[in-house]
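Asker: Could you have a look at this structure, given as structure tokens, before my questions?
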Amino acid sequence: MTEEQYVIEMRNITKQFGTFKANDNINLKVRKGEIHALLGENGAGKSTLMNVLSGLLQPTSGEILMDGQKVDISSPTKANQLGIGMVHQHFMLVEAFTVTENIILGSELTHLGILDKKKARQEILRLSEEYGLQVDPDAYIRDISVGMQQRVEILKTLYRGANVLIFDEPTAVLTPQEIDELIEIMGSLVKEGKSIILITHKLDEIKKVADRCSVIRRGQSIGTVDVKDVSSQQLADMMVGRSVSFKTDKIPATPGEVILSIKNLSVKESRGLEAVKNLSLDVRRGEVVGIAGIDGNGQSELIQAITGLRKVESGTVTLGSEDITNKRPRKITETGVGHVPEDRHKYGLILPLPLSENLTLQSYYHAPFSKMGVLNHGEIDKYAKRLIEEYDVRTTSEKAPAGSLSGGNQQKAIIAREVDRDPDLLIVAQPTRGLDVGAIEYIHNRLVEQRDKNKGVLLVSFELDEILNVSDRIAVIHAGEIVGIVDPKETSENELGLLMAGYSLEEARKELKAGESNE
């Protein structure tokens, strides 16, 4: 194949930070009109490589060619000018702006110095029609679904003339139906001659949409394969360097007494609107209860209310026989609740502090870690070393700042800290978001291990395969209410998707039955 047939060619890219090589002589070739998956463990160097391609970082050595011609991508603006656009995992949208205002932000059309919003709106409608990205150009971002917001992000790149689109974990917060719609959209983009680089940890999605897949491990190229010629298991083994199990090995649950009882709970969100509405749910010892739902349907507020981070307006939260409603977070923690928060950077770790101090955040004020208010750093370090070894947290030292660890190892550190305290109830939110299959396997096994120690586990996740794989019961939340509780062995992703969209259990099953009879 000649060089001219590659729309992007990254040759011998090395990116070094001090003595550490995040990218070590990596090669990547992307054909015009293909979906090219980029796969690798957390910390493998995928994001660094894409930051080089999108102009956010400059390579230490190596070169980039577009259509066979060497290019200098010195900034994100230069990348845009060359037709490279990135659809970020965390949407870069202004909620108070309309769809049109968000799309044109930074690339405004003007006539005689006056913003020509009408012309921009017409161009957005043309693009949305051409690529099957139907949006309401006048709707406010705060009023549209997550799937629709993603369409806006894609339109932003197309509006700027992108021919190469980088999708970073694009399905992290979508329902199964929205994922199917996104796959169709990606198909229409490549039919129009666009090229897509897809960063994802979801091997089933790679098998479904990608033409080829390049695997990176520890900053080095492992190889590029035609997706049709390999299995998901082979891709996982290439990525991790060992055999990985996708199915969590667990014995059937034997639920005991109720450990968490939520009765008629109502909680407001930050703007004063009701986010959790008269919600009731029980979690028993010896079971994992999964909460499935689209982002923004009250999950965050529910967890914050249980853990004391948000005020309960009405209703009760009981742990065992103790009422913990509106108690302080430390009191709730000491009563027997472990909490792995959805945002590990904001709520789980103090990134500049050493890992050792992060591992004792919940217990530093107890012996042997302190005496009369004075920290015993020797004991703290000794404890941290034990957890690092026991939970396979990969770090240069217990003294390394928490912010220097990869996402997967930060998550392992939080789980080590919370589980080692032996809480009666473990609350975990988005525990594997953005993690590779090796880290996911490890964390799922730890959750089931807690269940088998007769603890209660409340799992909140947007990943339906995770909910189905780990949970013993699944409660579906929509608009702050539990709309159905199902057995994972007797439900499906499609049924859960309909429940997440607001259908009742009866309506969802009726809809699925009607769909089957029409086939």
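Asker: When the solvent-accessible surface of protein heavy atoms is calculated with a 1.4 angstrom probe, in what order do Asp229, Asp392 fall, highest first?
Answerer: Asp229, Asp392
Asker: Probe of 1.4 angstrom, ligands and nucleic acids ignored: what's the accessible area per residue over region 227-269, in square angstrom?
Answerer: 55 Å²
Asker: Arrange the residues Thr491, Thr100 by how much accessible surface each exposes, largest first, with a 1.4 angstrom probe.
Answerer: Putting Thr491, Thr100 in descending order of accessible area: Thr491, Thr100.
Asker: Expressed in nm to one decimal, what extension gain is obtained for the pair Asn326 and Val374 from 0.36 nm per residue of sequence separation less their Cα-Cα distance?
Answerer: Result: 14.3 nm gained on full extension.
Asker: Find the accessible area per residue for region 431-519; the probe is 1.4 Å, ligands and nucleic acids are left out, and the unit is Å².
Answerer: About 42 Å² of surface per residue is accessible.
Asker: Taking a ≥ b ≥ c as the square roots of the eigenvalues of the Cα gyration tensor of region 294-363, is the shape rounded (a/c under 1.5), prolate (a/b larger than b/c) or oblate?
Answerer: Note, shape of region 294-363 comes out oblate.
Asker: Any idea how far apart Met92 and Ser280 come out in nm if each label point goes 7 Å out from Cα toward Cβ?
Answerer: 4.8 nm
Asker: Here's another thing I want to ask about it. So what are the ³J(HN,Hα) numbers for region 144-155, from phi and the Karplus equation (6.51, -1.76, 1.60; θ = phi - 60°), rounded to whole Hz, Gly and Pro as x?
Answerer: Per-residue couplings from phi come out as 10, 5, 4, x, 5, 4, 5, 4, 4, 4, 5, 4 Hz.
Asker: So how do 409-417, 178-186 stack up, highest first, on mean other-Cβ count within 10 Å?
Answerer: Going by the mean number of other Cβ atoms within 10 Å, highest first, we get 409-417, 178-186.
Asker: Given axes a ≥ b ≥ c from the Cα gyration tensor, I'd like to know whether region 451-519 is rounded (a/c under 1.5), prolate (a/b larger than b/c) or oblate.
Answerer: Prolate shape, in that a/c is at least 1.5 and a/b is the bigger ratio.
Asker: Let me ask another. Pairs of lysine in region 227-351 with Cα under 12 Å and at least 8 positions apart or on different chains: total?
Answerer: Close lysine pairs under the 12 Å cut-off: 4.
Asker: Something else: With an 8 Å cut-off on Cα pairs and a minimum separation of 6 or more residues, tell me the relative contact order of the chain in percent.
Answerer: 15 percent
Asker: Hey, which lysines would be in cross-link range of Lys399, C-alpha to C-alpha under 18 Å, not counting anything within fewer than 8 residues on its own chain?
Answerer: Straight-line reach from Lys399, under 18 Å: Lys382, Lys385, Lys412.
Asker: Separate question: Show the residues, 5+ positions off or on another chain, whose built amide H is closer than 5 Å to the amide H of Ser280.
Answerer: HN-HN under 5 Å from Ser280: Asn264, Leu265, Ile482.
Asker: Just to verify a number: what accessible area does Ile35 come out at with the full protein assembly present, 1.4 Å probe, Å² rounded to tens?
Answerer: Surface accessible to solvent at Ile35 totals approximately 10 Å².
Asker: Also, I was wondering about something else. Mind jotting down the distance between the C-alpha centroids of region 385-404 and region 24-73, whole Å?
Answerer: So the two Cα centres are separated by 30 Å.
Asker: Still on this structure, please answer the following. Quick one: how many lysine pairs does region 1-151 have with C-alpha atoms less than 29 Å apart and a gap of 8 or more or different chains? Give me the count, please.
Answerer: Qualifying lysine pairs in region 1-151: 21.
Asker: Here's another thing I want to ask about it. Just the accessible area for Arg394, please: 1.4 Å probe, Å², rounded to the nearest 10?
Answerer: Solvent-accessible area, nearest 10 Å²: 120 Å².
Asker: Explain nothing, just compute: Karplus ³J(HN,Hα) = 6.51 cos²θ - 1.76 cosθ + 1.60, θ = phi - 60°, for every residue of region 202-210 in order, whole Hz, x for Gly and Pro.
Answerer: After applying 6.51 cos²θ - 1.76 cosθ + 1.60, I find 8, 5, 5, 5, 4, 4, 7, 10, 8 Hz.
Asker: Quantify, in whole percent, the carbon and sulfur part of the accessible surface of the chain (1.4 Å probe; protein heavy atoms only).
Answerer: 48 percent
Asker: Continuing with the same structure: Once you have a ≥ b ≥ c as the square roots of the Cα gyration tensor eigenvalues for region 164-218, tell me rounded if a/c is under 1.5, and otherwise prolate or oblate according to whether a/b is larger than b/c.
Answerer: oblate
Asker: Taking 0.36 nm per residue of separation and subtracting the Cα-Cα distance, what length does fully extending His345 through Thr19 add?
Answerer: 114.8 nm is the gain from fully extending His345 to Thr19.
Asker: Moving on to the next point. So what J values fall out for region 440-448 if you push phi through Karplus, 6.51 cos²θ - 1.76 cosθ + 1.60 with θ = phi - 60°, rounded to Hz, Gly and Pro as x?
Answerer: Taking θ as phi minus 60°, the curve returns 4, 4, 4, 5, 4, 5, 5, 5, 5 Hz for region 440-448.
Asker: Sorted by accessible area with a 1.4 angstrom probe, largest first, how do Met92, Met50, Met86 fall?
Answerer: Met92, Met86, Met50
Asker: Give me the number: length gained by fully extending Lys208 to Asp226, i.e. 0.36 nm times residue separation minus the C-alpha to C-alpha distance, one decimal in nm.
Answerer: Difference between extended and current length: 5.2 nm.
Asker: Right, here's the next one. Along the Cα-to-Cβ line of Arg31, 7 Å from the Cα, sits a label point; which residues in region 176-209 have backbone N less than 18 Å from it?
Answerer: Correct set: 187-198, 206-209.
The values are calculated or read from the model by the stated rules, or taken from the named source; none is laboratory data. What you see is a predicted model, and the numbers here were worked out from it, not measured in a lab. Cβ coordinates were reconstructed from backbone atoms using ideal geometry, including for glycine residues, and neighbour counts include every protein chain displayed. For accessibility, only protein heavy atoms count, side chains too; no ligands or nucleic acids. Shrake-Rupley method; radii C 1.70, N 1.55, O 1.52, S 1.80 Å.
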